[in-house]
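Structure record follows, encoded as structure tokens.
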Amino acid sequence: QVQLVESGGGLVQAGDSLRLSCAASGRTFSSYAMGWFRQAPGKEREFVATISRSGGSTYYTNSVKGRFTISRDNAKNTVYLQMNSLKPEDTAVYYCAASRSRIGVLPSDPPAYDYWGQGTQVTVSS
């Protein structure tokens, strides 16, 4: 039973940076792999990034690799998404999610995630 709350979204110009945060409730945050997804208008929910339980491994979708960085602070029950060099095509509602996938697996598919936040809007203007 995990509750996730995203924050940090907003309206920015192309080339700007944003850092999204996702605060988790509960005492077992470190037992979950964490991920970020996004959904743009008229499109399906898209995988963005995931991070292992200890934070030692990460995986990104190609379109954000080199620009976005996922990290976590298990002492604070928080996962972050640092977004640099933002583009208009990054505009979407961003969701964080927690997965009980087996250790050693970094899932990129939504069905592998058990808990989801409410989402935070990121809008990038040109």
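Any residue in the stretch 34-43 that is out of contact with any strand residue (DSSP E or B) (no Cβ under 9 Å at 6 or more places or on another chain) and over 16 Å from Trp116 (Cβ atoms)?
Residues of the stretch 34-43 out of contact with any strand residue (DSSP E or B) (no Cβ under 9 Å at 6 or more places or on another chain): 42.
Still in the list and also over 16 Å from Trp116 (Cβ atoms): 42.
Within the stretch 34-43 (the criterion being out of contact with any strand residue (DSSP E or B) (no Cβ under 9 Å at 6 or more places or on another chain) and over 16 Å from Trp116 (Cβ atoms)), the answer is yes, since at least one residue qualifies.
Within the set Phe68, Phe29, Phe47, the sole residue that is among the hydrophobic types (A, V, I, L, M, F, W, C), more than 23 Å from Val2 (Cα to Cα) and open to solvent by less than 50 Å² (accessible area, probe 1.4 Å) turns out to be Phe68.
For the stretch 50-65, how many residues are open to solvent by 70 Å² or more (accessible area, probe 1.4 Å) and either touching a helix residue (DSSP H, G or I) at 6+ places or on another chain (Cβ under 6 Å) or among the basic types (Lys, Arg) (or both)? Qualifying residue count for the region: 1.
Checking each residue in the stretch 87-120 for being among the acidic types (Asp, Glu) and either in contact with a helix residue (DSSP H, G or I) (Cβ under 6 Å, 6 or more places away or on another chain) or open to solvent by less than 50 Å² (accessible area, probe 1.4 Å) (or both) picks out only Asp90.
Return the only residue of Asn77, Asn84 being in contact with a helix residue (DSSP H, G or I) (Cβ under 6 Å, 6 or more places away or on another chain), at pLDDT 95 or above and of a type outside the set (Gly, Ala, Ser).
Working: Asn84 fails: in contact with a helix residue (DSSP H, G or I) (Cβ under 6 Å, 6 or more places away or on another chain).
Step by step, each of Asn77, Asn84 is checked, and only Asn77 is in contact with a helix residue (DSSP H, G or I) (Cβ under 6 Å, 6 or more places away or on another chain), at pLDDT 95 or above and of a type outside the set (Gly, Ala, Ser).
Within 27 Å of Asp16 (Cα to Cα) and buried (at least 17 other Cβ atoms within 10 Å of the Cβ): is that true of Asp73 in this structure? When the stated conditions are applied, Asp73 does not pass them. Among residues of the stretch 62-90 that are over 19 Å from Met34 (Cα atoms), none has a beta-carbon under 6 Å from a residue that is part of a loop (DSSP other than H, G, I, E, B) and open to solvent by less than 20 Å² (accessible area, probe 1.4 Å) at least six positions away or on a different chain. Number of residues in the stretch 88-120 that are touching a Lys or Arg at 6+ places or on another chain (Cβ under 8 Å) and at pLDDT 95 or above: the value is 7.
If you check Leu11 against the conditions, is it surrounded by 14 or more Cβ atoms within 10 Å (Cβ to Cβ), in contact with a strand residue (DSSP E or B) (Cβ under 6 Å, 6 or more places away or on another chain) and of a type outside the set (Asp, Glu)? So Leu11 fails the test.
The values are calculated or read from the model by the stated rules, or taken from the named source; none is laboratory data. Values in this document were obtained by computation on a predicted structure and should not be read as measured data. Using ideal geometry, Cβ is built from the backbone for each residue, glycine included, and neighbour counts are taken over all protein chains shown. Only protein heavy atoms, including side chains, enter the accessible area calculation; ligands, DNA and RNA are left aside. Shrake-Rupley method; radii C 1.70, N 1.55, O 1.52, S 1.80 Å.
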